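The values are calculated or read from the model by the stated rules, or taken from the named source; none is laboratory data. No experiment lies behind these values; they were computed from the predicted model shown. Note that each Cβ is placed from the backbone with ideal geometry, even for glycine, and that neighbours are counted across all protein chains shown. Ligands, DNA and RNA are excluded from the accessible area calculation, which covers all protein heavy atoms including side chains. Shrake-Rupley method; radii C 1.70, N 1.55, O 1.52, S 1.80 Å.
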Amino acid sequence: MNAMTPTRLSNNALAQLVGDAAVAKRRARIVGGVAAARGHDYEQLFIAHRVARLLMKFETTGTDATVEWQSAEFIDDVVVRRDSALCVKAYQLKNTAEVSWTANQNTITEDFQLQATVSAIEGYTRTRLRLVCSDRDRATRLNNGVPATIAAQTKAIFFPYHEKVQKVIEGHAWMRDDFALLSRHADPSLVDCVDVASVLAGAWSVLKPTAAVSAVFQQARRTSPTILRPFVPGADPAARLRPEVRVILDGLPGFKYDIVRGFLKWSLDAGNTSGTLKIDCFDPDFDALQDQIVQRTPATFEEIEELL
């Protein structure tokens, strides 16, 4: 096994490590779990939110992650892997208040123990396991009572549920803020944040059960290019506006502009005329637009208006 690359265990190797009974139980849960969770709003919103958070990390670090749904693991609802960093994070979701570490002969505790063992053998040096509960009080009690055998890698966390996604986002500022960071709008409204969540969930539904975070973003942008802001890790959108174009725009009387979340926004001093380009600064059409501006060299807003 390459010490720098995690390697998934085969079923035979897994059986030798944890026993045939544990492997058989895992197989049975995978088959039943896919059927029971298909179209589950709670899981899909959770994944959309995870993707949003992971995209922010991708933008700042350039490190992509892979998300798996109903994974072939002991903690199987959602698994996030960063193999280049030898990191894995697995989530078991419980959209109920009726959950404990010790129910059904310590089933959850046993699964978490097995997952920690398997992840270490596979080569992951950082394994984090999360029991996710839609009941805040229950999540707090679970987190305060994590069994010692799994405490090193494990936490219980709260993630809310409501049959209407807008109600969930509206009622939890931290979630709204996370989705807002991906909106093309400088000051996203609640509706804008719901749109971001919806387009990420939609993109995930196309690519599931396994997809790179960057691929989910690309799919979302293809489907709804005006919902999400663009980003390229390590790139500055403002730098995409050429100096010669800036000179022309600066010379237009009363014309103001800025690059906001990867889009060119403009306005006029007089009146309420303003707008935002539908194409982002990383789009090839943005380069073509700049070519036209340089060729025409407009001197007034009226001369550039049709290009905007």
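Observations on the model:
- Accessible surface for the chain, divided over its residues, is 49 Å² per residue with a 1.4 Å probe.
- A DSSP coil position with no more than 13 other Cβ atoms inside 10 Å describes the following trypsin sites (Lys or Arg not before Pro) in the stretch 36-142: 38.
- Note on the chain: with neighbouring protein chains present and a 1.4 Å probe, carbon and sulfur make up 50 percent of its accessible heavy-atom surface.
- Applying both filters, DSSP loop and at most 16 other Cβ atoms within 10 Å, to the trypsin sites (Lys or Arg not before Pro) of the stretch 161-199 gives 164.
- The calculated FRET efficiency for residue 61 paired with residue 190, based on their beta-carbon distance and R0 = 35 Å, is about 0.75.
- Of all lysines in the structure, the ones whose alpha carbon falls short of 28 Å from that of residue 265, not counting any fewer than 8 places away in one chain, are 57, 256, 278.
- Estimated purely from DSSP H runs of n ≥ 4, each contributing -39500 (n - 2.57), the mean residue ellipticity at 222 nm for the chain is -14500 deg cm²/dmol once divided by its residues.
- Scanning the chain for GluC sites (Glu not before Pro) that sit in a DSSP loop and have at most 15 other Cβ atoms within 10 Å, the longest stretch containing none of them is 164-308.
- Straight-line reach from residue 89: taking Cα to Cα under 18 Å and skipping same-chain neighbours fewer than 8 places apart, the aspartates and glutamates in range are 43, 64, 68, 73, 76, 77, 110, 111, 122.
- Cα centroid separation, the stretch 287-305 to the stretch 252-276 (Å): 14 Å
- Charge context of residue 256, other residues only, Cβ under 10 angstrom, K/R +1, D/E -1: -2
- Helical segments meeting 18 Å axial Cα length and Kyte-Doolittle 1.6 threshold in the chain (DSSP H): 190-207
- Under Karplus coefficients 6.51, -1.76 and 1.60, residue-wise ³J(HN,Hα) of the stretch 75-92 in Hz, glycine/proline x: 9, 10, 4, 9, 10, 10, 10, 10, 4, 5, 9, 6, 10, 9, 9, 10, 10, 10
- Taking the chain as a Gaussian network of alpha-carbon nodes connected by springs under 10 Å, the highest mean-square fluctuation of the residues 295, 115, 218 belongs to 295.
- For residue 156, the residues whose amide H sits under 5 Å from its own are 131, 143, ignoring neighbours fewer than 5 places away on the same chain, with H placed 1.01 Å from N.
- For the options 268, 93, 277, a Gaussian network treatment of the chain with springs between C-alpha atoms closer than 10 Å singles out 268 as fluctuating the most.
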